[in-house]
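**Student:** Supplied in structure tokens, the structure appears directly below.
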Ligand code: PLP
């Protein structure tokens, strides 16, 4: 606290007096002040520069303060700050065209929201109305948002205190070879067994009662577990067999994060809807949405869609999306994310795993990597309990920050999730910090 500039200190004190924070015990918080950001870096309240290996909440895919996006927002603010959703707006139209061009298959209509949770809420509502069914299946080890339906679909401990009877949601185990629920030894076994499990769950829940399967194409906050080959295609097949809508949640995995515009391109599947947010405009102005297939959209051709938002397709947010997508295209940001993952982050993190006994597993793709920390490699006992934290994880985060790196952590995992635009040198700088910081975690492991 002492080192904060006077302006940062005032911001901090006002925050502690008046700001109510997400997912936290308010009196136990000591939040970091961020005063500025550029590219892959942020500056804290003491003027120290930190490499942003978190992309904030994994949303600044194009990096901080990209001049083309900032300019587009400024220009739009000078032209037209807001417009009701029932009117046509050029930025909303163009953003929808660009997004429809990036999504696979016939997902050619876009309903805009203010963020990811609303995108999931509306996708589920569309699926329920389209199918005339109620239940929704989703995975354990998932996060789909903090609002009513989205948090009930979520498969992590944040659901527990928010669960008032689950509202027709049923959870299943997705594939995760490192902690397989199916005792699998190979990716092929994991795909086959995870699909058999889902197939049985559908049969026992009653196929005719199930409106949707909601699935992160690569589960993000829950651990960045890229599904083994064939899994997403198998989910598509099960959904098709029973007339169930397949909603791909690409809120975190989309817009370049996984080295593709959408992570499901790794498996070549076409879902019925894609929920997106975050990377669509890097969060410069809040925006999310649902990309909708012809078939689902047709349900509402002559029947009003019973849903809406004052700010659906807000001009500042959609202008930011247009500029973001165009800049990412021109600068080959998605290709860069894939290249950095293949040549720097992937090999670098695997090399750290060889030398640090606290690292149980490293997995990911693009700029979407998880480092799983364990107290014991043989038993795979996590370095913090499920849903909790530990002194070891606290020390690890503090050391990263002290060494100039802002990490993303969740329970016993550290995620390396920098912007898609990160350079090879910046990625190496981050790996060097992690190398040093992991020695702290090593002290808490029995090897
Ligand atoms: N879905 C996924 C996969 C997410 O990672 C998130 C947020 O982290 C959400 C949905 C919710 O998005 P938002 O926080 O914008 O409501």
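**Student:** If one computes the Cα centroid of region 207-239 and of region 362-396, what distance in Å separates the two points?
**Tutor:** Centre-to-centre distance over Cα atoms comes out at 23 Å.
**Student:** While we're on this one: Per DSSP H run of n ≥ 4, the term is -39500 (n - 2.57); total these for the chain, divide by its residue number, and report the mean residue ellipticity at 222 nm rounded to 500 deg cm²/dmol.
**Tutor:** On the way: 14 runs with 167 residues, N = 447.
-11500 deg cm²/dmol, from helical runs alone.
**Student:** Return the tail of the calculated pair distribution for the chain, meaning the percent of Cα-Cα pairs more than 38 Å apart.
**Tutor:** Details: 20563 of 99681 pairs.
Above the 38 Å cut-off, the chain has 21 percent of its Cα pairs.
**Student:** Given the C-alpha centroids of region 1-49 and region 146-175, what is the distance between them in whole angstrom?
**Tutor:** 31
**Student:** Please arrange 179, 443 by counting, for each residue, the other beta carbons lying within 10 Å of its beta carbon, fewest first.
**Tutor:** On the way: 179 14, 443 10.
With the sparsest Cβ surroundings first, the list reads 443, 179.
**Student:** Taking only Cα atoms and a 10 Å spring cutoff, compute GNM fluctuations for the chain and point out the largest among 186, 221, 131.
**Tutor:** Fluctuation is largest for 186.
**Student:** Let me ask another. Need one number: nm distance between label points at residue 80 and residue 22, each 7 Å from Cα along Cα→Cβ, rounded to one decimal.
**Tutor:** 3.0
**Student:** Looking at the chain as a GNM with Cα springs under 10 Å, which of 116, 220, 146 has the largest mean-square fluctuation?
**Tutor:** Highest fluctuation of the listed residues: 146.
**Student:** Region 62-85 to region 274-348: how many Å between their Cα centroids?
**Tutor:** 15
**Student:** So for 400, 420, fewest C-beta neighbours within 10 Å to most, what's the order? Please list the in-between numbers first.
**Tutor:** Numbers: 400 24, 420 30.
Lowest to highest Cβ neighbour count: 400, 420.
**Student:** When 1/r is averaged over all different Cα pairs and the result inverted, which Kirkwood radius in Å belongs to region 67-330? Walk me through the numbers on the way to the answer.
**Tutor:** Values: mean 1/r = 0.0537 Å⁻¹.
Taking every pair of different Cα atoms in region 67-330, averaging 1/r and inverting gives 18.6 Å.
**Student:** Using the count of nearby Cβ atoms within 10 Å as a rough guide to exposure, how do 217, 40 rank from fewest to most?
**Tutor:** Placing the least packed residue first, the sequence is 40, 217.
**Student:** For the chain, set up a GNM with springs between Cα atoms under 10 Å and report which of 196, 331, 28 has the largest fluctuation.
**Tutor:** Highest fluctuation among the options: 28.
Any read-out appearing in this document is the output of simple, stated calculations on the displayed coordinates, not a laboratory observation. Values in this document were obtained by computation on a predicted structure and should not be read as measured data. All Cβ positions, glycine included, derive from the backbone under ideal geometry; neighbour counts span all protein chains shown.
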